[in-house]
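Colleague: Take a look at this one; I'll ask things after.
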Amino acid sequence: MRLLITGVNGQLGFDCVTEALRRGHNAVGSDIQMNFSDDLPVGAAYVPMDITDAAAVSEKIRAVSPDVIIHCAAWTAVDAAEELENREKVFAVNTQGTRNIAEAAGSVNAKMIYISTDYVFNGRGEAPWMPDCREFAPLNVYGKSKLQGELAVAEILEKYFIVRTSWVFGKNGNNFIKTMLRLGADHPSVRVVSDQIGTPTYTKDLSVLLLDMAETEKYGYYHASNAETAPGRYISWAEFAREIFRRAGLSTEVIPITTSEYSAAKAVRPLNSRLDKSKIGEAGFAPLPDWKDALSRYLREITN
Ligand SMILES: NC(=O)c1ccc[n+]([C@@H]2O[C@H](COP(=O)([O-])OP(=O)(O)OC[C@H]3O[C@@H](n4cnc5c(N)ncnc54)[C@H](OP(=O)(O)O)[C@@H]3O)[C@@H](O)[C@H]2O)c1
């Protein structure tokens, strides 16, 4: 099978290319700029492609002629997305860029897997969000642009998966764990929000599920993150930070604060990021492992 994976310079795209190669697939990675001296997975082909350039996307995807496109490229800077001068660009990448990929996927009859976010919902209540829930009400610009991307994929294609995930961490990029390790190294305490609830997602584990999906025709909407420690036992960012410090052998104290006490964030964030992932198992896919197990493996990966 030939796969085109966008966003290979980022966290998830990198691990999807690695997983595709591990399974013996023919993988083509792309990103807005390709620096071939980077530590990219060996064995894949690489194509620079700005997803906002419809003509280039069409031409390059026709040339690659993939069976499946895993679309991981995105504007992911949630707070910067709120800046007025960035808004046009955010929608160009997350909405129009996704539309360009979907149209090109249709033209070569490829399946498409679009990675989205729980930020398409309004974050109210405590009930986990179901993958087929249509009560979209994003609270911030990033969420709005990703939702418009979802709608474009569903409008243009029949052979698509929309996989919403949350709190992503991978080797190839910046994330909450790396920030906590940096802060923990020279601060005796850190203030972390304790009223935003969800589960983290290790890109190595998510990439396994996405490749499993790519090999099937079980299209539709799915939610995927690492499993809760016990069913229904979601965590806060503060709890996540405590476990990061504990497993990294740091004595940094976590001071829990509320979202309203945290003034650094420009974007409104959902308090309820609980994703109901039962559809994964119901469809016959293997669920992602427990988040604590994922955290241990990730800490080993980044310290080796
Ligand atoms: N990170 C999270 O916590 C999170 C949570 C939920 C859902 N998601 C979704 O999961 C997916 C993967 O996230 P991630 O954390 O792996 O993202 P990431 O590390 O930020 O990687 C995204 C990649 O897309 C590239 N890109 C940006 N604009 C582009 C353009 N115009 N053309 C081509 N490539 C472009 C970026 O390049 P530059 O760095 O040069 O801009 C970057 O290499 C995204 O769709 C994201 O929306 C992420």
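A short reminder: the numbers here are calculations on the coordinates, not readings from a lab. It should be emphasised that the depicted structure is a prediction, and the values quoted were computed from it without experimental measurement. Counting neighbours? That spans all protein chains shown, and the Cβs are built from the backbone with ideal geometry, glycine included.
Colleague: Determine one quarter of the surface area of the Cα convex hull of the range 1-136, which equals its mean projected area, and express it in nm² to one decimal.
Modeller: About 9.7 nm², averaged over all directions.
Colleague: Tally Lys/Arg at +1 and Asp/Glu at -1 over every other residue whose Cβ is under 10 Å from the Cβ of VAL193; what's the total?
Modeller: So the environment of VAL193 carries a net charge of 0.
Colleague: If you fit an axis through the alpha-carbon atoms of helix 237-248 and take the longest principal axis of the Cα set of the chain, what angle between them do you get, 0 to 90°, nearest 10?
Modeller: The helix 237-248 is inclined about 90 degrees to the chain.
Colleague: Report the percentage of all Cα-Cα pairs in the range 164-222 whose separation exceeds 18 Å, rounded to a whole percent.
Modeller: So the portion of pairs separated by more than 18 Å is 52 percent.
Colleague: When the distances between all Cα atoms of the range 130-228 are binned every 10 Å from zero, what whole-number percent does each bin get?
Modeller: 12, 35, 35, 13, 4, 0
Colleague: A further question on this structure: Beyond 16 Å, what percent of the Cα pairs of the range 258-297 remain?
Modeller: Within the range 258-297, distances greater than 16 Å cover 62 percent of Cα pairs.
Colleague: Also: Between the helical axis of 291-303 and the dominant principal axis of the chain, each derived from Cα atoms, what acute angle in degrees is found, rounded to the nearest 10?
Modeller: 80
Colleague: Sticking with this one: For SER260 and GLU282 in one chain, what is 0.36 nm times their gap in residues minus the Cα-Cα distance, to one decimal in nm?
Modeller: 4.1 nm
Colleague: Report the residues of the range 235-277 in range of a label on ARG87: point 7 Å along Cα→C-beta, backbone N strictly under 18 Å from it.
Modeller: Taking a point 7 Å out along Cα→Cβ of ARG87, the residues of the range 235-277 whose backbone N falls under 18 Å are 266-269.
Colleague: Report relative contact order for the chain in percent, whole number only (criteria: Cα-Cα under 8 Å, sequence separation at least 6). Walk me through the numbers on the way to the answer.
Modeller: Numbers: 624 pairs, mean separation 59.9, N = 304.
Once normalised by length, the contact order is 20 percent.
Colleague: Here's a follow-up. Rounded to two decimals, what is the ratio between the C-alpha radius of gyration of the range 217-288 and 2.2 N^0.38 Å?
Modeller: For the range 217-288, the normalised Cα radius of gyration comes out at 1.44.
Colleague: Once you place label points 7 Å from the Cα toward the Cβ at ALA230 and GLU135, how far apart are they in nm?
Modeller: It is 2.7 nm.
Colleague: Where does helix 203-214 land angle-wise versus the long Cα axis of the chain, in degrees 0 to 90, nearest 10?
Modeller: Around 30 degrees separate the two axes.
Colleague: Still on this structure: Could you tell me the ratio Rg/Rh of the range 1-62? Both radii from Cα atoms, Rh via Kirkwood.
Modeller: With Rg and the Kirkwood Rh in hand, the quotient comes to 0.95.
Colleague: Measuring from label point to label point, each 7 Å out along Cα→Cβ, what is the ARG23 to SER189 span in nm?
Modeller: Between ARG23 and SER189, the simple spin-label model gives 4.8 nm.
Colleague: GNM on the chain, C-alpha springs below 10 Å: top fluctuator among SER189, SER273, SER225?
Modeller: SER189
Colleague: Specify, per residue and in Å³, the volume enclosed by the convex hull of the alpha carbon atoms belonging to the chain. Walk me through the numbers before you get to the answer.
Modeller: Numbers: hull volume 39.7 nm³, N = 304.
Enclosed volume per residue, from the Cα hull, is 131 Å³.
Colleague: So, one more: Find the relative contact order for the range 140-267 and round it to a whole percent, using C-alpha pairs within less than 8 Å whose residues are 6+ positions apart.
Modeller: Relative contact order, the range 140-267: 35 percent.
Colleague: Determine the calculated [θ] at 222 nm for the chain from helices alone, applying -39500 (n - 2.57) to every DSSP H run no shorter than 4 residues and normalising by the residue count; nearest 500 deg cm²/dmol.
Modeller: -11000 deg cm²/dmol
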